[in-house]
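Below you'll find the structure I mean.
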Amino acid sequence: MATTTRITRDDLEAKLREMSGGVEETVDAVRPKLISAAAAGVVLAVLVSYLLGRRRGRARSAVIEIRKV
């Protein structure tokens, strides 16, 4: 049979703190790896865009030959 005890605000807060405690520890443990991966991704994106821009710049530049007659 079901009991009719009232759920108080303190009960809700305690349960939410219990549930979120494990998530916060996991996020704190993974955060340095995520920051390192994001920084490496940004560096890689800048390097790739630089190389592609350099290649495109070479393809669009005209080659002028000067011959002495």
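The values are calculated or read from the model by the stated rules, or taken from the named source; none is laboratory data. In this text, all values refer to a predicted model and were calculated from it rather than measured experimentally. With ideal geometry, Cβ positions are generated from the backbone for all residues, glycine too; neighbour counts draw on all protein chains shown. Keep in mind that these areas ignore ligands, DNA and RNA; they rest on the heavy atoms of the full protein, side chains included. Shrake-Rupley method; radii C 1.70, N 1.55, O 1.52, S 1.80 Å.
Give me the angle, in degrees from 0 to 90, between the Cα long axis of helix 9-60 and the longest principal axis of the Cα atoms of the chain, rounded to the nearest 10.
Rounded to the nearest ten degrees, it is 10.
Also, quick follow-up: I'd like the carbon and sulfur percentage of the solvent accessible area for the chain, probe radius 1.4 Å, heavy atoms only, ligands and nucleic acids excluded.
Percent of accessible area from carbon and sulfur atoms in the chain: 62.
How much accessible area per residue does the chain have, counting only protein heavy atoms and a probe of 1.4 Å, in square angstrom?
The answer is 105 Å² per residue.
Report which label in (1) 10.2; (2) 9.9; (3) 4.5 holds the value of mean projected area of the Cα convex hull in nm² derived from the coordinates of this structure.
(1)
Now a separate question. To the nearest 20 Debye, how big is the dipole of the chain about its Cα centre, given +1 on the beta carbon of each Lys and Arg and -1 on that of each Asp and Glu?
It comes to approximately 1180 debye.
Here's a follow-up. Based on DSSP H runs of at least 4 residues, each adding -39500 (n - 2.57), what is the mean residue ellipticity at 222 nm of the chain after dividing by all its residues, to the nearest 500 deg cm²/dmol?
That comes out to -28500 deg cm²/dmol.
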